[in-house]
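Structure record follows, encoded as structure tokens.
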Amino acid sequence: MGSAAELAAAALMILGFPALMLAALVPSVAAFAAAAAVTYLADHYLHRKSSYLINRLSKIRAGVSIRFLIRQLLLVMLLARLSHADDLIFYGAIGCFIAFYGLQAPHGALVTLIRNRRRMPVATRNIDLKSRIRIPDAPPRPLLHRSTEKMLHLDLFAMIGILVSAELDSSAAAGFTGIGLTLGLGLLYVLVLVPYIRGRKIPPKADVVLAAVDEWLAGYKPETVLYFSGSKDSAYQVNMWLETMEQLDTRPLIILRERAIVNNLAPTTVPVICVPGGVHLMNLDLSTVRVALYAANVGKNIHLLRVPTMKHVFIGHGDSDKLASVNPYSKVYDEVWTAGRAGRDRYAIADVGVRDDDIVEVGRPQLAPIRTWQGVPDGARAAAADGGCPTVLYAPTWEGWDGNPGNTSIVLAGENIVRQLITANPPVRVLYKPHPFTGTVSKEAGAAHRRITALVERAAAERAADARFTADAAAMAGAKAELARIEARIAELTGKGGTKGDEAEATRDGVVDVHRHEEVARLRAEWNTAYWRAFPSYEHRVITGAEPRLYDCFNVSDAMVSDISSVVSDFIASGKPYAVTDSGELGHEEFKRQNTAVRAAVILSNDAAELGGLLDAVRDPSADPLLDARTELKRYLLGPDEPASIDQFNSAVADLALKAEARNVGQQSRLAAAGLDPAEAAELSNAVPGQRTASAGETGGVGAG
């Protein structure tokens, strides 16, 4: 329901209104003013925090307008109880609040109209529309941001003035001054908004914007599209493909269907078009596209699947043994691309109608940043004083929604795992990186996380005081200075230009600076290197937050302990030893049977008694009985190392584009042989109303132009 501070603010606000009524009935001006101040401040705090509780109050008919109205009515009652019912200030207060609420309607209508007229039929990134259409600046942010709250708070002037007049009991000047300020500022707020609903203050109409986008498409001639639809929380599913799209040999384009996804999209150099309307999407000129990639199985996919001039591919957003990996919906695509043989076998076992001939193994390009294991360095196998110690990453997943004890090891096994790691002899370094959702559903998981954090931090403090462990203080100080320099530069580069005023401005100005984008990427890599040099190589650490990333933790670790999740599948790309906890106590053989990714793992019971086998493999590769099994499993799950996954992916795109082109040429030849004129043949070839026909110069295959 919110943080403790938000709950306290909500309680104060709710209790403040009975206090206001009591103060009005007594009557006491001072008590009323104090209670009013509490309700104003609590209300403002909850709005500033964008608290979930604000929405809940609206659901029970205690929305912000009602709260302000009740406070004003109670002020009128206070005046009556103070025997001001026959005074001019009493009628002035009533007239003021009626007129003030009369201003709410035009104010709300103007704000809504401005937002609607500035909402683009399509939102874009990395597409130059500025040279094609005129998109005016957004209204100043203070005018529209939390506008309802700002308008309502103008009643403060009247409230204060009337209370002062009620307390003095001799002059109404303060009250009418406050009334004048409230009504005058309210009217001014309305008048300032008026120019933004007409003329050159509003963007062009939808047909003009869509024509400009089509003009850009005709010049750019996209060949490969990544199509995505989903909730704002699913943005990671498209974000994981951005770098791959940037590395395509063909001209890429990203098509999104929800505005919320655009706002959560990671920085990219690939052109992006967000088309919320299905009709608008169907009328976009996508005639040069030959391959469409789909990262999720959702209903809105049909709006692009209907286009026959391109081939459609399901690429998904991960590789695992979950049922989602063998969804029967996959039959609608021309091909299904999997990482390795395992994906192909899953479909064969599931028997959901996906033909084996339509499955293509392309590896997982996203795993390229994960470095393969070269064995533990000699220095790491030496005594701590001679060069450090091996690093073991503990990266448990979260507890999930269903309460299954097999979801995460953190509750039943987490402390046992960490305790054995921090007391291991010879010593190892522990990196603890929990899932960001840990504790959001289960109190037990949250409590276990806090205990594990305390264990790691206490062990780190003890190791820092141990004379056996030494560090180069000067080198660490230099690394910390380097970190500060890099962070300042990244903040300068990413913060330049500020946040765009609204969707229209972001569409107009959202063309990425490629050089800045590349510099930020380089600086992030430098930051990661400096981060690991900024503290001793033997120091246990708790790592939370977005940085350093999980793959960065993979690269500095010599082994990992985790649970059944995509984390394990990704770590297998490194070839390093790993352990997985059978938290649900299925038994080793059944656990392996149900989960392909643990076939080459050290399987742990909840007491973590088997952890010694993992540590032996880390310290001495000759004592690693699972080395060959890991190599075989890696190939089975993720495909061969050579050629590189991105090369396999590009080859698959090129092959499918040729198939699409062959279909289109063959279709046109068959229709021409039937005696149809070129226009009729082209229309039947596309077979899609509204889908534009490519000109002769736009029908080339992958790499054309």
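All of the numbers you see were taken from the coordinates with simple rules; none came from a lab. This one's a predicted model, so the numbers in the text were calculated from it and none came from an experiment. No Cβ is skipped: glycine too gets one built from the backbone with ideal geometry, and neighbour counts run over all protein chains shown.
So which GluC sites (Glu not before Pro) in region 542-612 pass both tests, a DSSP loop state and at most 14 other Cβ atoms within 10 Å of the Cβ? Present the calculation step by step, with values, prior to reporting the outcome.
Details: sites: Glu585, Glu589, Glu590, Glu610; in loops: Glu585, Glu610.
Hits after loop and neighbour filter: Glu585.
Rounded, prolate or oblate: which fits region 165-236, taking a ≥ b ≥ c as square roots of the Cα gyration tensor eigenvalues, rounded meaning a/c under 1.5, else prolate when a/b beats b/c?
Because a/c hits 1.5 or more and a/b fails to exceed b/c, region 165-236 counts as oblate.
Val360's amide H: which non-local residues (gap 5+, or another chain) put their own amide H closer than 5 Å, with H modeled 1.01 Å from N in plane and none for Pro or chain starts?
Val336, Trp337, Thr338
Find the relative contact order for the chain and round it to a whole percent, using C-alpha pairs within less than 8 Å whose residues are 6+ positions apart.
Numbers: 1099 pairs, mean separation 101.9, N = 705.
Relative contact order for the chain comes out at 14 percent.
Please identify every one of the trypsin sites (Lys or Arg not before Pro) in region 1-93 that sits in a loop by DSSP and has no more than 16 other beta carbons within 10 Å of its own beta carbon. Don't skip to the answer; put the middle values down first.
Details: sites: Arg48, Lys49, Arg56, Lys59, Arg61, Arg67, Arg71, Arg81; in loops: Lys49, Arg61.
Those that pass, being in a loop and sparsely packed, are Lys49, Arg61.
Run the simple label-point estimate for Ile14 and Ile98 please: 7 Å along Cα→C-beta, distance reported in nm.
Going from the Ile14 label point to the Ile98 one covers 3.4 nm.
Tell me, what HN-Hα J-couplings in whole Hz come from the Karplus equation 6.51 cos²θ - 1.76 cosθ + 1.60 at θ = phi - 60° for each residue of region 286-301, using x for Gly and Pro?
My calculation for region 286-301 gives 10, 5, 8, 6, 10, 9, 10, 9, 10, 8, 8, 8, 9, x, 6, 4 Hz in order.
Between the helical axis of 173-193 and the dominant principal axis of the chain, each derived from Cα atoms, what acute angle in degrees is found, rounded to the nearest 10?
The angle comes out at about 40 degrees.
Here are labelled values, (1) 30.2; (2) 35.8; (3) 34.2, and one is the computed Kirkwood radius over Cα pairs in Å for what I pasted. Which one?
The value matching this structure is (1).
What's the exposure ranking of Leu256, Leu113, going from fewest to most Cβ atoms within 10 Å? Don't jump to the answer; show the numbers that get you there.
Numbers: Leu256 25, Leu113 15.
The most exposed by this proxy come first: Leu113, Leu256.
Angle check, please: helix 155-168 long axis (alpha carbons) against the longest principal axis of the chain (alpha carbons), in degrees 0 to 90, nearest 10.
Taking the Cα atoms of the chain, the angle to 155-168 is about 40 degrees.
Compute the long axis of helix 29-48 from its Cα atoms, compare it with the longest principal axis of the Cα atoms of the chain, and write down the angle in degrees, 0 to 90, nearest 10.
Tilt relative to the chain: about 30 degrees.
Sorted by packing (mean other beta-carbon atoms within 10 Å per residue), highest first, where do 621-632, 243-254, 220-231, 451-462 land? Let's see the in-between values first.
Details: 621-632: 14.1, 243-254: 20.0, 220-231: 21.5, 451-462: 16.2.
Taking the mean over residues of other Cβ atoms within 10 Å, the ranking is 220-231, 243-254, 451-462, 621-632.
Would you grab the residues whose amide H sits under 5 Å from the one on Thr544? Only those 5+ places off in sequence or on another chain, please, with H modelled 1.01 Å from N.
none
Give the distance, in whole Å, between the Cα centre of region 55-120 and the Cα centre of region 611-631.
Taking the Cα centre of region 611-631 as reference, the centre of region 55-120 is 71 Å away.
Compute the distance from the alpha-carbon center of region 262-293 to that of region 553-603, in whole Å.
Comparing the Cα centres of region 262-293 and region 553-603, I get a distance of 37 Å.
Sticking with the crude label model, points 7 Å out along Cα→Cβ, report the distance from Ala629 to Leu113 in nm, one decimal please.
Computed distance between label sites Ala629 and Leu113 equals 7.2 nm.
Need the C-alpha centroid separation for region 387-406 versus region 155-222, integer Å.
Region 387-406 and region 155-222 have Cα centres separated by 51 Å.
Cross-link list Lys201/Lys221; Lys130/Lys205; Lys433/Lys592; Lys49/Lys433; Lys130/Lys221: which exceed 21 angstrom alpha carbon to alpha carbon? Spell out each step's value before the answer.
Values: Lys201/Lys221 32 Å; Lys130/Lys205 15 Å; Lys433/Lys592 25 Å; Lys49/Lys433 28 Å; Lys130/Lys221 19 Å.
Going by Cα-Cα distance, Lys201/Lys221; Lys433/Lys592; Lys49/Lys433 fall outside the 21 Å limit.
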